[in-house]
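S.K.: I am attaching a structure below and will ask some questions about it afterwards.
We did not get these values from a lab; they are worked out from the coordinates using the rules stated. Just so it is clear, the model here is predicted, and its values are computed rather than measured. Reconstructed Cβ throughout: ideal geometry from the backbone, glycine too, with neighbour counts over all protein chains shown.
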Amino acid sequence: MRAFVGSARVTLALLSVLVDGAAAQAADMSCQQVPGNRFYWVERAFCDLEPSGPEKARGLIVWNHGISGTLESYKAPAPLAFRLLQARGWDVIMIKRHNLAETMAGGPLHRTVQRTLEEVKAQRKLGYRKIVLAGQSFGGYVTLDAADEAPDIFAAVALAPGVRAGSATGRLDASITDRLLQSAKTGRIALVFPKDDDLFGNVVRGASADRILAGRNLPYLLLDETSGLVGHGGGVGGRFAVRYGLCLAEFLSAPELPGGRFTCQPAGDPWPVVRELLLPAPADRPAIVTDPAALPNGLGRFTGLWYGLLDEAIVLFALVPAESPKLRAMYRSSSFTRSGSVYDVEVKGGRVHLTLPRKDRVTVGPDADGGLITWTSSDGSRVLTGKLLRAPE
C-alpha cells in the first residue's frame, strides 16, 4: 500500500507539469539534463555544435525519441544523420520525456503530440521559418500525427514509425500509419522502413506507403525494406548516416522539389560523410604519421587517416608521432564525445592498443587488404570488430 501511494504521488507530480508545456519550459537547453519532476523538457541535440539561430539557420528540426516501457529512452541521442544536417545549417532540438510517466493512464501519445505542437509555436515566435518534425518509432508516429494537425510544417521525417495496438506487447497496427500518410499536412515527407523490424513483427510497409504517397502531389523520400537498412533502429546509426545522410540533407535543403518520389542512390564511399562528421578542423588536427619508416615493424601501412564502421558507430583512426620510440593515436568515434581524441598507445604483437577514458579498449592492426579494428567494453562483455579503410590523400 505504501508503495502504491508513493507511485501515485509521483504520477500526480508529473501530471501537474503537463498543463503548460512550452510556457513552463526553462531557457536552459543544455544536453544530458535529468528529468526531475518534469514530463517534458527540451535540449539541443548536439551541444558541441553551435546553433545557427533562427535568422541564419536553414530551419529547425524538432526530434521526438522512441519509447520502451519505463526505460530511460530520453538518454538516446538524436540520429547521427541529423548531426550531418546541423553541420549543414539546420538547428536540431530534442523533446525529451520522463520515462516514469510513459505508462500513465491514457498513454503519452496525445500529450506528446500536443507538446510538439506547442514547441512548434514557440520556435516560430523565436523566428524559425521552416520547421521539420522528426522522430523514430513512437517518436516517428508522433511526428506524423503532429504533422496531420499542423498545416504549416515544412517536412516530416519518420524512421520506423508506429505504435503497438492495445499494449506494449501488442502488434503493430500498420493501418494507423497509412491513414496518417494519406492526410499529413506537410510539404515533404521522408520515411524509413528498415527490413526485419522485429519490434513491429517484421511487417512490410514500404509498398503500401509508396502507393499512398504516389497518389499525393508532394515530394517524398521513401527508404523501404529494399534499401539495405536492417532492424528497428536501422535509421538512427552510422550505417544510415554514411549511406543516406547526404541524400536526406539534399531532400530537405532543396529550395523546390516536384511532387513524387525523390530518388537517390546509397553513397558508394562513406569517406565524405566520415570527413564531415569526425575529421577535426586543420587548426585542431594533430600531426599524423606519413612516413612508414617512422612506424614499428608490421605497422608500416598505417600512415595517414583510416576510417570504418564498428557496428553502428563511425570511427576515425590515425597514428600520431610522439617522442621516439613512443607513439600516440587519434581515435574519434560517433558514439561518444569528440574532445580529447589523442591517446597514448602500446604496440604489442604487431598491433596498436589503446584504452579510452571509460576503460573500453581498442586494438588496431593489419589484415589482408587493409586494417582491422576491435573494440572491447571495459568489463569484456561486448566485443565489436570492423574493417578500416585508408582515407583518400
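S.K.: What FRET efficiency do you get for Thr355 and Arg285 if R0 is 25 Å and r is their Cβ-Cβ distance, rounded to the nearest 0.05?
M.R.: Numbers: r = 22 Å, r/R0 = 0.89.
So the FRET efficiency works out to roughly 0.65.
S.K.: Between beta-carbons, use under 12 Å as the cut-off and find the net charge around Lys326, counting Lys and Arg +1, Asp and Glu -1.
M.R.: Around Lys326, the charge tally is -2.
S.K.: So, one more: If you find the alpha carbon centre of the stretch 61-93 and of the stretch 289-340, how far apart are they in angstrom?
M.R.: So the two Cα centres are separated by 29 Å.
S.K.: A further question follows. What share of the DSSP beta bridges in the chain is antiparallel, in percent to the nearest 5?
M.R.: Numbers: 44 of 73 bridges.
In the chain, DSSP labels about 60 percent of beta bridges as antiparallel.
S.K.: Taking the 0 to 90 degree range and rounding to the nearest ten, how far is the long axis of helix 2-15 tilted relative to the main principal axis of the chain, both from C-alpha atoms?
M.R.: Value to nearest ten degrees: 80.
S.K.: Just to confirm the number: angle between the C-alpha axis of helix 238-253 and the first principal axis of the chain, 0 to 90 degrees, nearest 10?
M.R.: Once rounded, one gets 60 degrees.
S.K.: Suppose each label sits 7 Å from its Cα in the direction of the beta carbon; what would the Ala87-Lys195 distance come out to in nanometres?
M.R.: Using points 7 Å along Cα→Cβ, the separation is 2.8 nm.
S.K.: Which order do the peptides 247-257, 290-300, 124-134, 150-160 come out in when sorted by mean C-beta neighbours inside 10 angstrom, highest first?
M.R.: Put in order of decreasing packing, that is 150-160, 124-134, 247-257, 290-300.
S.K.: Now for a separate question. Which whole-number percent is the relative contact order of the stretch 279-390 (Cα, under 8 Å, 6+ apart)?
M.R.: Numbers: 216 pairs, mean separation 22.4, N = 112.
Worked out over the stretch 279-390, it gives 20 percent.
S.K.: Please compute, over every Cα-Cα pair in the chain, the percentage with a separation greater than 31 angstrom.
M.R.: So the pairs more than 31 Å apart make up 43 percent of the total in the chain.
S.K.: Okay, moving on. Report relative contact order for the chain in percent, whole number only (criteria: Cα-Cα under 8 Å, sequence separation at least 6).
M.R.: Numbers: 769 pairs, mean separation 38.6, N = 393.
Contact order relative to length: 10 percent.
S.K.: Also, quick follow-up: Can you give the calculated 222 nm mean residue ellipticity of the chain, where each DSSP H run of n ≥ 4 adds -39,500 (n - 2.57) and the sum is split over every residue, rounded to the nearest 500 deg cm²/dmol?
M.R.: Values: 9 runs with 99 residues, N = 393.
Result for the chain: -7500 deg cm²/dmol, rounded to the nearest 500.
S.K.: On a 0 to 90° scale, report how tilted helix 138-149 is relative to the longest principal axis of the chain, with both axes built from alpha carbons and the result rounded to the nearest 10.
M.R.: 50 degrees
S.K.: Summing Lys, Arg as +1 and Asp, Glu as -1, what charge do residues with Cβ under 15 Å from the Cβ of Gly206 carry, Gly206 excluded?
M.R.: Net of charged neighbours comes to -2.
S.K.: Sticking with this one: What net charge is computed for the residues neighbouring Trp375, neighbours being all others with C-beta under 9 Å from the C-beta of Trp375, Lys and Arg scored +1, Asp and Glu -1?
M.R.: With Lys, Arg at +1 and Asp, Glu at -1, the neighbours total 0.
S.K.: If I stretch the segment between Ser52 and Glu346 completely, what's the gain in nm (0.36 nm per residue apart, minus their alpha carbon distance), one decimal?
M.R.: Numbers: separation 294, 0.36 × 294 = 105.84 nm, distance 4.12 nm.
My answer for the length gained is 101.7 nm.
S.K.: Could you compute Rg(Cα) / (2.2 N^0.38 Å) for the stretch 279-390, with N its residue count?
M.R.: On the way: Rg = 13.1 Å, N = 112, 2.2 N^0.38 = 13.2 Å.
Normalised Rg, Cα atoms only: 0.99.
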